[in-house]
Every structure is written in C-alpha cells, then in structure tokens.
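In what follows, a structure is listed as structure tokens, so that the remarks can point back to it.
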Amino acid sequence: MIQTIFTQPFLDQQPGTSGLRKKVSVFQQSHYLENFVQSIFDSLKGFEGKTLVVGGDGRYYNRVAIQIILKMAAANGFGRVLVGHDGILSTPAASCIIRKNQAFGGIILSASHNIGGVKGDFGIKYNIGNGGPAPESVTEAIFAHSQTIHTYKILTAPDADLSKVGFSKLGDLAVEVIDSVNDYAQLLESLFDFDRIRELLTNGRFRLCIDSMHAVTGAYAHRLFEQRLGASLGTVQNGESLEDFGGGHPDPNLVYAHDLVARLFGDNAPDFGAAFDGDGDRNLILGRHFFVTPSDSLAVLAANATLVPAYRTGLAGIARSMPTSQAADRVAAHLGIDCYETPTGWKYFGNLLDDGKITLCGEESFGTGSNHIREKDGLWAALFWLNILAVRQQSIAEIVQEHWHTFGRNYYSRHDYENLESDRAHALMDNLHGILPTLKGKQFRSQQVSYCDDFTYTDPVDGSVSSHQGIRLGFTNGSRIIFRLSGTGTQGATLRVYLERYEQNAAYHQLDPQVALRDLIDIAEEVAQIRTFTSRATPTVVT
Ligand code: G16
C-alpha cells in the first residue's frame, strides 16, 4: 500500500559541494531522509516507469537508508531500480551503471572521505542521467522543495532482499540486485592495457601496495588487482569494507592514509602505492619515497595519455578546478588543447565532458577522472599510472621529475583549518572580501598582486553562472593564494588555503614544498589574519 505521510520541512537540507552530508544522528531523525528523498523526486520530471540506480559506500546507515529509498521510489512511480549487492556501489561504479543502463538517474549514499560509524557522517546525493552529480540548478530545486515539503510517499512493504543478486518486486517496482563490481571492472578493462599491466605486476621485481582503508573499494581492488591483474594476494590492504571504516578516516592523503604512507616512505618500500576514499572516487598516488600531488598527477596523466589505449588518439581538452595547480595548463598549452578552470565540485565537469570539450579532468582534492564516466575515479587513476609505468619502465619519481624538467614545477600545498567556529570562519572571509579592492598592485615581500577576485564561473556550454567560488590572489610571477570554505564538512567550518608557486629552473625542483612556499604561507597569514580570526597557530592538515 502506498502511504502519504505528513511531515514538516527541515531548514538545513541545502546540498553542499557534493550532496547533503550530515551526522548520522541528523539523518536518523524521523522523516529527515524521507523529506530529502521526496524533495529529490519532486524536483525531477518524467521518471515514471524509468530506471533509478541506488547504492552506497557501505557506511553505517546505508542499509536502512536504501530500504527507505526503494520504498519511496516504488511509491513515487519509478519502474525499476538497479541496486548494488548488499546495497554497495562505489561512486564511480554507480556512475558507470547509470550510463550503461541509460537510467533516469541515481541516488548515491556516501559522505565520501568523511568518517563513518554511528557517530560519523552520512550523505546522499542525486546523479543525473549522464551519470554525474546533479548540476546546481537541480540541487537548488531540491533545496527549495525541502523548504516547503509537507508530505512524502512511501510503500508499506517488507524490506527487499539485497543479499542475493537477482530480481524481486516492491509493489509495481522491479528491483534488480546487481553485482557491485562486474560492469565497472569491465569498463576499466576496456580502457587500459591489462596485459601490459599484468606483465609489470607479475615480473617478480615490481611491488604494488593498495590501501582500501576499509572502505568501499575493497571488493573492487581485490577483483581488479589480485584476480584480474595477477598481483599477489595481500597486495590490497585494509580491503575488508566495514561500516565504520575500521575507525579510520577514509581520506587518502598524507595524514589519514598513514599506513600506506609509512610503507611507501619506509625501508624496503614498494614501487607503487595507492589509496582510495570512502566511496572510491578519490585517489592518493605514491612512488617509493615519493608523493605525487593530485595537481601534478593530472598533469602527468595528461602528458602521457597517448600511452594508454583509451586515450591513444589524444585529448580533446583538460579541465581542473580553480584551486588546483596550473601544472595541467602547461601540458594543455604544449599539446595545443584547451584547459578549463571550473569551481570546486565534480558537477562542473559534467557539461564539458558531455559536450566533448575535455577528456581528462582533476582536482587538488585527490580527484582525477575522464570521459569514461561522470565521477572522479580512484581505481581508474591507479590503473592509469600503472599503465604508464608498464610502458615507460621507469619509477614514479623519475617520471614526475622528468615532467618537471620539461614543464617546470608548480610547487603546491593546501593548508586546512578544520572544525573552526562557523562565525569566525565567515568573519575571516568577509574581511577578505572587504579588502579585495585594495590589494591589486600591492607588494607583499617578493610578490606583487596582479589580480584579486572572488571567482565566478560561466559554464561555456549552457551559460550558467556560479559566483562566490573562492577568493583568488594572483601574483605577477604566476604564484597564487586561494581562500575558500569547504562545502563538505559537517561540523563547524573548514578554511582551505591553497598555495601555488611556479619554478622553471630545474636546479630548484627538489625543495620541500613548505620551504618553497614559505613566502606565500606568510603572505596568506598577513592578508587573511588567520591567527587573529581563528585563534589557530597552525593548520590541522597540510597536504
Ligand atoms: C567533493 C567534490 C569535489 C571537491 C571536494 C572538496 O569530493 O566532489 O569536487 O573537490 O568535495 O570539496 P570542499 O573543498 O568543498 O570540501 P568528495 O570526494 O567529498 O565527494
């Protein structure tokens, strides 16, 4: 039976950089999830009888939420849902499945790299039929509906059995439980030279270490690296997916992926290490005693793309988010292709990919991807690197250093001040806004400001305008400092300070980035008065 339930709006259901993310306890309030799901459905038109893809990263509350969503999809008139086995789909796999089945859209349950468990975070986002995150026009409509909602529809029925691959029915809704890995693994296999990668991984010399951080990629990584590519058993560490990610923080950076970092920077280190986040779309790439920044990773992948079967004929263009370093721009210029600068958020790449303007895209926040799906893709990035290594037969450090030699090095770092009092973080940003008009032409230490603004993006495909996307301070020598507040946190506010300096001279390519960026770090403090506004002397996380 379809029931119409009366409810009242929650005023805090505005999607952030990537969907709605809140503490589990917030989602557990009566009607909270239901209101948001109904707001999604009420914002869409023409889905009656169509297919919806549903899955999540397996974090705590995934199972409960999926059953609610299935019953609401049934009550609202979807014809079919494709749902991952046990409710599990990595974000890239969900994107792949939406595209492959020409589904109307998908609902992905994840709070990405945020901590999980009962006391952790939960999240939900809607992806459109191209497989990518809903654009701002849709997320704004969802939020608007959530502010006036007074009823939602749900089917009264026993839970669907998601423990077996197969078909069942919920009312008139066909429920198809699919293998979480198959389609996605096949897609990746079609892009890369698996024979060559297998040769590399089984030559008895090359050593690989993959860290799934007890998050969703465990099953995917076991299947791809150990079963399909012949890497030895044990290559995938922390491969068992757990609802609380084993108590860890599934954010693949130098701080939170400490196990992997310790191995790759320890004695007798492996040749290659990669880690992925909660929902499998982020990646960390390490060589022996070598960290590849996400910005450099995008640039190196672009420069070497023709070594990989899927990109053999070249790239249409590249895009990077505004705070990502300009290393990729140099490669694009060299290749004679366009490079687009978008706001932070994968959703801004969708139109560029759909329109064929770009082939590769990436962000400083450990996200890299291509036109194969419409989400960033952690395992794809690791395989891309392995394909390059298999062809070039060089180490990661050699490849990156050669890259710097050819293109120059964009020293880069991000300083995060997490869990700040929201008012104080906003006061800091307001102050920056206030002084923006006075900064142009000013000299700070060795640097002169050539431009300063609050970044506005006009989508070249549909003309939509996104403003207030971060404060940029550009200097005459190409260095940049960017300030923005994170849109993915669930507690207080997080200030991100992005620092970039270009160095062409190879004699200066081996500096510690924190040393190379010292002047800019000091200027950021001087301009933004971080200590005064936040009472913090140092950042929480430096990557
Ligand atoms: C999300 C978005 C990314 C964005 C990142 C950081 O990643 O999909 O595009 O770069 O958040 O956003 P912020 O700086 O606002 O915290 P994920 O992996 O969390 O979905």
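So which of W346, W380 is closer than 19 Å to L89 by Cα and open to solvent by 10 Å² or more (accessible area, probe 1.4 Å)? Give the steps one after another, and end with the answer.
Numbers: W380 fails: open to solvent by 10 Å² or more (accessible area, probe 1.4 Å).
Just a single option satisfies the conditions, and that option is W346.
For residues that are part of a loop (DSSP other than H, G, I, E, B) and touching a Phe, Trp or Tyr at 6+ places or on another chain (Cβ under 7 Å), scanning just segment 532-543, find the one that is modelled with the lowest pLDDT.
T540
Which of the residues belonging to segment 323-356 are at pLDDT 95 or above and of a type in the set (K, R)?
Residue satisfying the conditions is R330 alone.
Looking only at helices (runs of 4 or more DSSP H) that lie completely in segment 264-378, which have at least 1 residues being within 13 Å of the ligand (Cβ to nearest atom)?
Details: elements: 294-303, 327-335, 350-354.
Where helices (runs of 4 or more DSSP H) fall fully within segment 264-378 and carry at least 1 residues being within 13 Å of the ligand (Cβ to nearest atom), they are 294-303, 350-354.
For I471, all conditions in the list (1) closer than 17 Å to T17 by Cβ; (2) more than 16 Å from the ligand (Cβ to nearest atom); (3) touching a Cys at 6+ places or on another chain (Cβ under 9 Å) hold save one; what is the number of the exception?
Tallying (1) closer than 17 Å to T17 by Cβ; (2) more than 16 Å from the ligand (Cβ to nearest atom); (3) touching a Cys at 6+ places or on another chain (Cβ under 9 Å), I471 fails exactly one: (2).
To keep it simple, each residue is scored yes or no on (1) under 19 Å from A215 (Cβ atoms); (2) within 14 Å of the ligand (Cβ to nearest atom); (3) not polar (S, T, N, Q).
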site	(1), (2), (3)
P92	yes, yes, yes
G105	no, no, yes
S110	yes, yes, no
I124	yes, yes, yes
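With respect to L191, is the statement that it is out of contact with any His (no Cβ under 7 Å at 6 or more places or on another chain), surrounded by 17 or more Cβ atoms within 10 Å (Cβ to Cβ) and of a type in the set (A, V, I, L, M) true?
No: the conditions fail for L191.
Taking interchain pairs and intrachain pairs at least six residues apart, which have beta carbon atoms under 6 angstrom, with the first residue in segment 333-356 and in contact (Cβ under 8 Å) with a residue 40 or more places away in the chain and over 11 Å from P460 (Cβ atoms) and the second among the polar types (S, T, N, Q) and open to solvent by 50 Å² or more (accessible area, probe 1.4 Å)?
So the pair list comes out as L353/N371.
S39: open to solvent by 10 Å² or more (accessible area, probe 1.4 Å) and touching a His at 6+ places or on another chain (Cβ under 7 Å), yes or no?
No, not satisfied.
Give segment 475-496 a look and list any residue that's at pLDDT 95 or above and closer than 20 Å to Q443 by Cβ, or say none.
Selection gives F475, T476, S479, R480, I481, I482, F483.
Starting from residues that are part of a loop (DSSP other than H, G, I, E, B) and open to solvent by 50 Å² or more (accessible area, probe 1.4 Å), keep the ones in segment 493-531 and report whichever is farthest from the ligand (Cβ to nearest atom).
Result: N505.
Look through V24, V64 and report the one residue that is among the aliphatic types (A, V, I, L, M) and in contact with a Leu (Cβ under 9 Å, 6 or more places away or on another chain).
One residue alone meets the criteria, V64.
Name the single residue that is surrounded by the most Cβ atoms within 10 Å (Cβ to Cβ) among those in segment 383-427 being acidic (D, E) and under 27 Å from G470 (Cα atoms).
D416
So which pairs qualify, if the first residue must be in segment 32-56 and more than 20 Å from G123 (Cβ to Cβ) and in contact (Cβ under 8 Å) with a residue 12 or more places away in the chain, the second must be open to solvent by 10 Å² or more (accessible area, probe 1.4 Å) and in a strand (DSSP E or B), the Cβ gap must be under 7 Å, and the two must be at least 6 apart or on different chains?
T51/R80
Suppose we filter Q529, Q447 for residues that are at pLDDT below 95 and polar (S, T, N, Q); which single one remains?
Every option except Q447 fails the conditions.
The values are calculated or read from the model by the stated rules, or taken from the named source; none is laboratory data. Computed from a predicted model, the values in this text were never measured in an experiment. Heads up, the Cβs are rebuilt from the backbone with ideal geometry, glycines too, and the neighbour counts pull from every protein chain shown. With ligands, DNA and RNA removed, areas are computed over all heavy atoms of the protein, side chains included. Shrake-Rupley method; radii C 1.70, N 1.55, O 1.52, S 1.80 Å.
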